Amino acid sequence: MSTARQFKPEEPWQAPEGEPIVRLENVTKRFGAFYAVDDISLNIHAGEFFSLLGPSGCGKTTLLRMLAGFETPTSGRLLIDGQDVTDIPPYERPVNMMFQSYALFPHMNVADNIAFGLKQEGMPKSERQDRVAELMSLVQIEPLAKRKPHQLSGGQRQRVALARSLAKHPKILLLDEPLGALDKKLREQTQFELVNIQERLGITFVVVTHDQEEAMTMSSRIALMHEGRIEQVDPPRRLYEFPSTRYAASFIGSVNLFDGYVTEQNDDQVRVQCDDAGIQLEVRHSQPLVPGMAVTVALRPEKVRVIHQLEADTPNQLRGVIKEIAYLGDVSIYHVELASGKRVQFTQSNVQALAEQPLTWDEEVVLSWSANSCGVLTE
Amino acid sequence: MKPTSARPSTRHLIIAVPWFWLALFFLLPFLFVLKISLSEPTLAQPPYMDLIREIEDGFVTLVINFSNYQLLLEDSLYLSALWGSLKVAAISTLFCLLIGYPMAYAIARSPLHWRLPLLMLIILPFWTSFLIRIYAWIGILKANGLLNNLLMGLGLIDSPLAIMHTPLAVYIGVVYNYLPFVVLPLYATLIRLDLTLLEAAADLGCRPWKQFLLITLPLSMPGVIAGAMLVFIPVMGEFVIPDLLGGPDTLMLGKLMWTEFFSNKDWPLASSLAALLLVVLILPFVLLRHFERRSEEGNP
């Protein structure tokens, strides 16, 4: 997983005294008997590139639409920059939205589309023209000013939509699947551009996406949603390295899960009895756990080391047979079957695989990993 | 090589069918009308003289008579009938749009299971004969009709309102009868309107009425134009409604044409009226197309 964002020392969500720009307090949205958003409380801080990530139907779009004002929460409060906006209509909110379908006005040209919001504010014409020119240069569409939306390519439309939603200097920009309609190549390129624009303008971005890679690349923090609730809110790196639930672990990237129960804990070292693994696994975990508690050990495939025979005094060694190999170019994925019948995945870069003796089908291997490389999930 | 969906000859053949239809049933009859309009009336059956006549010994002569058109332009009766038709058509179209737009809008925005029944209600009057519906209006509007009796029964008026045989009765009849022709095309455009566009407008600071004015209304213009044409064109030639509901002072081209054809048996004059009407109707659309094309070319 790559990240376009440089690690920043300032992490506004860490500062307890900082007033968040968006504050959701126990927000619930019900459609009939269906809870689209179920009692969510969340703070988003100024300057963040915040992603709502989840599969379709998890409530992320409903949450975004509530921020825009298109849906009213069934219960709970919604504050933007300290102001309670729960019952404020969309046309009076200091936020703007970039729609998934872009929603460009088909009867207006590019310049008029971008100027639309400014005109509603009553900005004088000369000032408006300057602002439109500035925005068009920001998203690099100057030559398209007089075109109608139907004369533009998908990528150009996306840029017009972005420029239009930025025109009014919103306190928060809401983006609904901003790259969803672009092809893969353009999407990757646009991810970096979006991050650059966000950093340059310093506007808080709240992005809805179902694409974990997109969220990982662009976000300062990700809220992983599942069935109307938030599973975990963390920066991409933490979300990947330290998922807090089974769902979070399996949604982002691939993971091997071993169900078991705690047998003992010394300081931050936990021993977990796993019947599938046939041994006790050692895991680093600083939170205190009760012996006998049911937990799951999560192990990322790339953290697994392959050795050819058991080593003495090394924890977390599993013997198995390679059953399947998937060649992906840069890496290969190996499926190893343990004595219990459980399959464990590991990946190895192909550079490394070729340097050593290549692994092959039905080869017997020993998988090993350190206690630091895996985690304990309690939910 | 460029792929083609059909061989040129096949394509021409397919296109030829509607062209042939139009030529046979629209162009040819119109040419007959044009021919009659250029002939001289006579007391015979049919009551006009041929343009090409044999004089003697195989000599033929072509006699073209422009006096009908001359009369149309000189006699103020015909021009005021044209003006009358234009006025009735324009005002009726306006009222049809003013009443029909909210109706179409309401149907398009109503819950899905309501739309079909509501549309059926719009179409329902067509299941009754046009003439019967107009006679029903006579029953409603006449001096001792339903409306006057109701108003007098409620004590709102002392003597019956004179609505029958006035322009008002014509307007009521025309607007009532042509309303579905506005509602249906407007409904078709409004139902296709992407509601996200209204959300986008709201998001950019538009209150609901401005969303309507800046987004819904301009984007429903194709429906407005189609509906307006479906009312304006037939009303220009409308004969039955002004004849049955209007009075002697209701001067319209359709009525006049009827009189010339059937009462005065002056087919050439009636035909020239028909030709004039066609020019009056076609000219605006030719101009409209011309300006549309120019504005399309104006865009890069």
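Since every read-out is calculated from the coordinates, none of them should be taken as a lab result. Keep in mind it's a predicted model, so treat the numbers as computed, not measured. A quick note on method: Cβ atoms are made from the backbone with ideal geometry, for glycine too, and the neighbour counts reach across all protein chains shown.
A few remarks follow.
- Difference of contour (0.36 nm per residue) and Cα-Cα distance, B:Leu161 to B:Glu40: 39.0 nm
- Computed FRET value (nearest 0.05) for A:Asp259 with A:Gln83, which takes r as the C-beta separation and R₀ as 51 Å: 0.60
- Debye, to nearest 20: dipole size of segment A:105-154, +1 on Lys, Arg Cβ, -1 on Asp, Glu Cβ: 220
- Prolate/oblate/rounded call for chain A, Cα gyration tensor, a/c under 1.5 rounded: prolate
- Fraction of the pair-distance distribution of segment A:254-377 above 24 Å, Cα-Cα pairs, percent: 27
- What separates the Cα centres of segment B:70-97 and segment B:226-243 is a distance of 11 Å.
- At 0.692 mPa s and 37 °C, Stokes D of the protein assembly as shown from Kirkwood alpha-carbon radius, µm² per second: 101
- Relative contact order of segment B:75-265, pairs being alpha-carbon contacts under 8 Å that are 6 or more residues apart, as %: 35
- Each label was represented as a point 7 Å from its Cα along the Cα-to-Cβ direction; for A:Asp268 and A:Lys119 these points are 6.0 nm apart.
- Helix A:125-138 axis, angle to chain A major axis (alpha carbon atoms, nearest 10°): 20
- Order of A:Ser101, A:Ser244, B:Ser110 under a 10 Å beta carbon neighbour criterion, fewest first: B:Ser110, A:Ser101, A:Ser244
- Under 5 Å between amide hydrogens, built in the peptide plane, is the criterion, and for A:Val295 it picks out A:Gly260, A:Tyr261, A:Val262 among residues at least 5 positions away or on other chains.
- Take every pair of alpha-carbon atoms less than 8 Å apart whose residues are at least six positions apart; their mean separation over the length of chain A yields a relative contact order of 15 percent.
- Charge tally in the Cβ shell below 12 Å around A:Leu186, where Lys, Arg are +1 and Asp, Glu are -1, A:Leu186 excluded: +2
- Using alpha carbons only, the radius of gyration of segment B:149-216 set against its Kirkwood radius gives Rg/Rh = 1.30.
- For the residue pairs A:Lys146/B:Lys87; A:Lys60/A:Lys168; B:Lys35/B:Lys255; A:Lys29/A:Lys185, the alpha carbons lie more than 31 Å apart in A:Lys146/B:Lys87; A:Lys29/A:Lys185.
- In summary, the aspartates and glutamates within cross-link reach of A:Lys342, defined as a Cα separation below 17 angstrom excluding same-chain residues under 8 places away, comprise A:Asp259, A:Asp275, A:Asp276, A:Glu324, A:Asp362, A:Glu363, A:Glu364.
- Distance from the C-alpha centroid of segment A:157-223 to that of segment A:333-379: 36 Å, rounded to the whole angstrom.
- Full extension of the chain between B:Leu278 and B:Leu213 yields a length gain of 20.0 nm, computed as 0.36 nm times the residue separation minus the alpha carbon distance.
- Unit Cα scatterers, Debye sum, segment A:76-187: log10 I(q)/I(0) for q = 0.13, 0.16, 0.18, 0.19 Å⁻¹: -0.51, -0.75, -0.91, -1.00
- Of the DSSP H helices in chain B, those whose Cα atoms cover at least 30 Å axially and whose Kyte score averages 0.0 or more: B:76-109, B:167-192, B:267-298
- Taking other Cβ atoms within 10 Å as a rough exposure proxy, A:Thr245, A:Thr204, B:Thr189, A:Thr314 sort from fewest to most as A:Thr314, A:Thr245, B:Thr189, A:Thr204.
- Once the C-beta distance of B:Asp243 and B:Phe26 is scaled by a Förster radius of 22 Å, the resulting FRET efficiency is 0.30 to the nearest 0.05.
- Sorted by Cβ density within 10 Å, fewest first, the residues B:Met120, A:Met66, A:Met293: B:Met120, A:Met293, A:Met66
- Pair A:Arg30, A:Ser370: separation of 7 Å Cα→Cβ label points (nm): 5.1
- Rounded FRET efficiency, nearest 0.05, which uses the C-beta distance separating A:Glu11 from A:Glu134 and R0 of 30 Å: 0.45
- Axis of helix A:154-166 versus longest Cα principal axis of chain A: the two differ by about 70°, to the nearest ten degrees.
- Looking at segment A:36-131, none of the GluC sites (Glu not before Pro) sits in a DSSP loop with at most 15 other Cβ atoms within 10 Å of its own Cβ.
- Chain B: C-alpha gyration tensor shape, a/c 1.5 cut-off, then a/b vs b/c: oblate
- Cβ-defined net charge surrounding A:Gln309, 15 Å radius [Lys, Arg +1; Asp, Glu -1]: -3
- With Cα atoms, 0 to 90° folded angle of helix A:110-121 axis to chain A main axis: 70
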